[in-house]
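In what follows, a single structure is set out as structure tokens and then discussed.
The values are calculated or read from the model by the stated rules, or taken from the named source; none is laboratory data. Note that the coordinates shown come from a computational prediction; the quantities given were computed from them, not determined experimentally. Glycine also receives a Cβ, built like all others from the backbone with ideal geometry; neighbour counts cover every protein chain displayed.
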Amino acid sequence: MTVVAGCDVGSLTSKTVIMRSGRILGNAIIKSKPNPVESAQTVMQAALAACGINMADILCCIGTGYGRNNIPFVSDVKSEISCHGKGAQWLLPSARTVIDIGGQDCKTIRIDNAGQVVRFAANDKCASGTGRFLEVMSGVLDISVDELGNLSARATAPVTLASNCTVWAQADVIKFVNSGCPLADIGAGINTAMAKRVAILANSVKPESDIIMTGGVAKNKGVVSTLEKLLGHQIKKSRKADPQIAGAIGAALFALETINSR
Amino acid sequence: MIVAGCDIGSLTAKAILLENDEIISSAVIRTKSRPAASAREVIQTALMRAGSKLEDIACLVGTGYGRNQIPAVDRVESEISCHAKGAHHLMPTVRMVIDIGGQDAKAMRIEEGGAVAQYRYNDKCASGTGRFLEIMAEALEIPLAEMGAIADQATEKLVITSQCVIFAETEVISLVNAGKQTADILNALHRAMAKRVAALARSIGVAQDVVMTGGVAKNKGIYTALGKALNLKIKSLNGNDPQLIGALGAALCAREHADNG
């Protein structure tokens with residue numbers, strides 16, 4: 001049986017997915033280490049352990065992500081854009097637009113029905129609209145990034161942040177905290193500022209339904225629901241797997257293509 | 001006849017008193033929470049230094065972020081026109097003014113007579129503003145005022161690839177953890193910031209002579225790095241405090257207005 005793997009070494013988290021016959025056998029997500037080689041080895045070991053497979057069983061492994069050129073056990077590397085496109089299409093066959101928000105970047109990708117990239121826009125220069133923005137703000141509020149996502153639903157009078165820039169927004173949030181503003185209202189304001197920035201990028205590729213989000217921030221309900229309002233489109237979810245591993249899924253699917261074409 | 005110019009910025013407030021074309025006093029203070037209070041204090045300080053009273057001021061022109069809150073102001077003018085006017089008055093050959101303030105950055109191209117031909121500013125992104133340096137000074141635990149001097153002692157050419165303050169800060173932490181020298185890191189930071197500002201300047205077309213205004217111009221490291229990034233020598237304002245140029249321009253507007261009755 002053809003066992004393949006995809007390894008996505010990101011700036012904040014690293015992911016590995018092991019697939020067989022188009023199904024996920026096992027996967028792992030870890031916090032990236034300063035050394036990408038270590039990240040790759042650790043997350044691969046974790047994924048192998050999760051499904052009781054040995055490294056030798058994997059016929060082909062493709063790498064992607066920021067640290068892709070440092071993965072010792074891959075036969076080839078593919079761009080994050082193509083891997084997220086392919087992975088998203090596997091997660092949701094009707095997906096035609098992918099919004100991927102990672103730890104330090106944001107990408108929006110239009111794909112065709114085969115998961116091939118039609119056009120894309122990316123931001124990896126500005127912290128605003130990336131996972132980093134939420135990390136900084138949740139730090140000010142002294143809550144986890146996961147808790148931040150739940151605040152929008154509980155807000156009664158959401159604040160408006162004066163700026164999308166992480167630096168200015170952080171100063172704004174501090175002011176709101178010091179003035180005794182309810183946590184939920186501030187949290188809603190943060191999620192909205194985040195969604196606004198992402199929407200600008202997303203609209204630049206003229207999003208089409210179905211829209212799916214990948215990357216860790218896809219799990220933030222506040223950002224997702226605000227983004228839906230701003231884009232005027234529903235954002236679909238997939239029950240097949242965690243959206244954070246979409247890139248690794250795409251890489252594994254590329255590995256399968258490589259095997260099949262040999 | 002005494003006239004006054006008052007520049008209420010986001011971080012500092014500045015005032016200049018002019019009497020018959022001479023600067024008789026000036027003041028710079030950190031802003032208070034209310035622009036009106038900042039204006040009152042900085043004007044009072046300048047008056048005290050000149051030995052004058054508020055009633056002696058024939059005309060007061062305000063500029064800057066808080067200009068509309070200056071008590072008893074006679075007129076307000078944009079920061080762009082005031083910085084251009086102030087710089088051109090001190091150096092008639094100036095054709096480009098780059099003003100880096102606490103929370104914004106502006107580039108202006110000036111015509112021969114001193115009128116503003118074109119300008120562009122950034123007040124949306126902290127990169128390329130004084131805030132970048134403030135945050136890095138905190139991260140490296142060194143006084144802001146010493147950054148330029150320390151950066152000058154660099155020996156190893158490091159590269160900081162990010163211009164975004166947040167991402168650059170992460171790079172700084174990695175460099176510190178890798179045991180790199182503070183002077184080298186600072187030098188790299190100055191170059192990263194200069195790149196951002198140079199891009200702003202280039203977007204409207206650079207023309208010499210170029211001068212810098214605003215508080216950040218006092219940082220020799222940025223001064224040098226920006227000159228290198230633009231591939232030219234940035235002219236100095238002959239000992240005049242670059243932070244006061246906006247207030248100077250406002251005072252010159254006040255003089256024109258008072259002259260015209």
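Within segment B:211-232, how many residues turn out to be more than 14 Å from the chain's Cα centre (by Cα) and outside any helix (DSSP H, G or I)?
Matching residues across segment B:211-232 total 2.
Output the residues belonging to segment A:211-228 that are modelled with pLDDT under 95 and charged (D, E, K, R).
A:LYS219, A:LYS221
Condition (residue is under 19 Å from the mean Cα position of the chain (by Cα), among the basic types (Lys, Arg), within 26 Å of B:GLY227 (Cβ to Cβ) and outside any strand (DSSP E or B)) applied to segment B:78-96: is it met by at least one residue?
Within segment B:78-96 (the criterion being under 19 Å from the mean Cα position of the chain (by Cα), among the basic types (Lys, Arg), within 26 Å of B:GLY227 (Cβ to Cβ) and outside any strand (DSSP E or B)), the answer is yes, since at least one residue qualifies.
Scan segment A:1-39 for residues that are surrounded by fewer than 19 Cβ atoms within 10 Å (Cβ to Cβ), closer than 20 Å to A:ASP105 by Cα and in contact (Cβ under 8 Å) with a residue 60 or more places away in the chain and report the count.
So the count comes out to 1.
Considering only residues of segment B:114-155 that are part of a helix (DSSP H, G or I) and among the acidic types (Asp, Glu), which is nearest to the other protein chains (Cβ to nearest Cβ)?
Filtering first and then ranking leaves B:GLU134.
Is it the case that some residue within segment A:207-217 is of a type in the set (A, V, I, L, M), in the same structural domain as A:ARG119 (by TED's automatic domain parsing), over 25 Å from A:VAL118 (Cβ atoms) and not in a helix (DSSP H, G or I)?
Applying the first criterion (of a type in the set (A, V, I, L, M)) to segment A:207-217 yields A:211-213, A:217.
Filter once more, so that each one left must be in the same structural domain as A:ARG119 (by TED's automatic domain parsing): A:211-213, A:217.
Now restrict to residues that are over 25 Å from A:VAL118 (Cβ atoms): none.
No, segment A:207-217 contains no residue that is of a type in the set (A, V, I, L, M), in the same structural domain as A:ARG119 (by TED's automatic domain parsing), over 25 Å from A:VAL118 (Cβ atoms) and not in a helix (DSSP H, G or I).
Give segment B:162-194 a look and list any residue that's in a loop (DSSP other than H, G, I, E, B) and in contact (Cβ under 8 Å) with a residue 12 or more places away in the chain, or say none. Steps first, answer last, please.
At the first step, the residues of segment B:162-194 found to be in a loop (DSSP other than H, G, I, E, B) are B:162-164, B:178-181.
Answer for segment B:162-194, where residues must be in a loop (DSSP other than H, G, I, E, B) and in contact (Cβ under 8 Å) with a residue 12 or more places away in the chain: B:SER162, B:GLN163, B:CYS164, B:LYS180, B:GLN181.
Could you go through segment B:77-91 and let me know if any residue there is within 14 Å of chain A (Cβ to nearest Cβ) and either surrounded by fewer than 20 Cβ atoms within 10 Å (Cβ to Cβ) or more than 18 Å from B:PRO242 (Cβ to Cβ) (or both). Quick ask: steps written out before the conclusion?
If we filter segment B:77-91 for residues that are within 14 Å of chain A (Cβ to nearest Cβ), which is where we start, we get none.
Within segment B:77-91, none of the residues are within 14 Å of chain A (Cβ to nearest Cβ) and either surrounded by fewer than 20 Cβ atoms within 10 Å (Cβ to Cβ) or more than 18 Å from B:PRO242 (Cβ to Cβ) (or both).
Given B:ASN260, B:ASN231, which one is more than 13 Å from B:ASP99 (Cβ to Cβ) and either among the aromatic types (Phe, Trp, Tyr) or not assigned by TED's automatic domain parsing to the domain that holds B:ASP99 (or both)?
Working: B:ASN231 fails: either among the aromatic types (Phe, Trp, Tyr) or not assigned by TED's automatic domain parsing to the domain that holds B:ASP99 (or both).
One residue alone meets the criteria, B:ASN260.
Could you please find all residues in segment A:137-172 being within 14 Å of chain B (Cβ to nearest Cβ) and of a type in the set (A, V, I, L, M)?
If the condition is that a residue be within 14 Å of chain B (Cβ to nearest Cβ) and of a type in the set (A, V, I, L, M), then A:MET137, A:VAL140, A:LEU161, A:ALA162, A:VAL167, A:ALA169, A:ALA171 are the ones that fit.
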